[in-house]
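Notes for the one structure printed next.
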Amino acid sequence: VQLQAFGGGLVQAGGSLRLSCAASGLTFSTYSMGWFRQAPGKEREFVARINWRGDYTYYVDSVKGRFTISRDNAKNTVSLQMNSLKPEDTAVYYCAASRESPVYKYDPRRYGYWGQGTLVTVSS
């Protein structure tokens, strides 16, 4: 199984980035997909999750209204559109796959597969 995240970079506050994650080696359409982030010196934090069919999404409060998670099961990809970026969004962003209940969406231990991470830096 391989999850490859890409799309990170340096952006000014207020700008936008789109992260994508390409999955292979798993039956993608049977997994819920999540995005987490980890800032230097901090724990990994849940950002967003989308269910296998793409009709349920969840977000951490700090990104609601600014970030949008989506998926394309035909292309085995999940994306995170990030708008109105803030310096506090600076982190390494990881995509992850889970077959567990959304009850556990905040717990990174409940995700069985992880991408390598892509760095997002938001300058003020």
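The values are calculated or read from the model by the stated rules, or taken from the named source; none is laboratory data. Computed from a prediction, not measured in an experiment: that's the story for all the values here. Cβ atoms come from the backbone with ideal geometry, glycine included; neighbour counts cover every protein chain shown. SASA here: full protein model, heavy atoms, side chains in, ligands and nucleic acids out. Shrake-Rupley method; radii C 1.70, N 1.55, O 1.52, S 1.80 Å.
From the set of residues in the range 13-45 that are in a loop (DSSP other than H, G, I, E, B) and among the aliphatic types (A, V, I, L, M), which is farthest from A96 (Cα to Cα)? Outline the logic, then answer.
Initially, the range 13-45 is screened for residues in a loop (DSSP other than H, G, I, E, B), giving 13-16, 25-27, 31, 39-44.
Remaining after also requiring among the aliphatic types (A, V, I, L, M): 13, 26, 39.
Details: A13: 26, L26: 12, A39: 17 Å.
Here the residue is A13.
Among the strands (runs of 3 or more DSSP E) confined wholly to the range 55-115, which include 3 or more residues that are of a type in the set (A, V, I, L, M, F, W, C) and crowded, with 18+ Cβ neighbours inside 10 Å? Lay out the reasoning, then the answer.
Working: elements: 57-59, 67-72, 77-82, 91-98.
The qualifying strands (runs of 3 or more DSSP E) are 77-82, 91-98.
Residue by residue through the range 16-40, note down the ones that are within 18 Å of P87 (Cα to Cα), open to solvent by 20 Å² or more (accessible area, probe 1.4 Å) and at pLDDT 95 or above.
Those that are within 18 Å of P87 (Cα to Cα), open to solvent by 20 Å² or more (accessible area, probe 1.4 Å) and at pLDDT 95 or above: S16, L17, R18, Q38, A39.
Test L10 against the stated conditions and say whether it is in contact (Cβ under 8 Å) with a residue 24 or more places away in the chain, in a strand (DSSP E or B), within 14 Å of the chain's Cα centre (by Cα) and at negative phi. Give the derivation first.
Numbers: in contact (Cβ under 8 Å) with a residue 24 or more places away in the chain: yes; in a strand (DSSP E or B): yes; within 14 Å of the chain's Cα centre (by Cα): no; at negative phi: yes.
Considered against the rule, which asks whether it is in contact (Cβ under 8 Å) with a residue 24 or more places away in the chain, in a strand (DSSP E or B), within 14 Å of the chain's Cα centre (by Cα) and at negative phi, L10 comes out as no.
Within the range 96-109, is there a residue that is under 19 Å from V1 (Cβ atoms), of a type in the set (S, T, N, Q) and at pLDDT 95 or above?
The answer is yes, given that some residue of the range 96-109 is under 19 Å from V1 (Cβ atoms), of a type in the set (S, T, N, Q) and at pLDDT 95 or above.
Name, by its number, the condition in (1) among the aromatic types (F, W, Y); (2) under 12 Å from A91 (Cα atoms); (3) over 11 Å from the mean Cα position of the chain (by Cα) that does not hold for Y31.
Going through the list (1) among the aromatic types (F, W, Y); (2) under 12 Å from A91 (Cα atoms); (3) over 11 Å from the mean Cα position of the chain (by Cα), Y31 breaks only (2).
Looking at the range 1-15 only, could you name the residues that are open to solvent by 20 Å² or more (accessible area, probe 1.4 Å) and within 15 Å of I69 (Cβ to Cβ)?
Selection gives G7 alone.
So S98 fits all but one of (1) of a type in the set (G, A, S); (2) out of contact with any helix residue (DSSP H, G or I) (no Cβ under 7 Å at 6 or more places or on another chain); (3) under 20 Å from L26 (Cβ atoms); what number is the exception?
(2)
Kindly establish whether R66 is out of contact with any Cys (no Cβ under 7 Å at 6 or more places or on another chain), closer than 13 Å to P108 by Cβ and modelled with pLDDT of 95 or more.
Numbers: out of contact with any Cys (no Cβ under 7 Å at 6 or more places or on another chain): yes; closer than 13 Å to P108 by Cβ: no; modelled with pLDDT of 95 or more: yes.
No.
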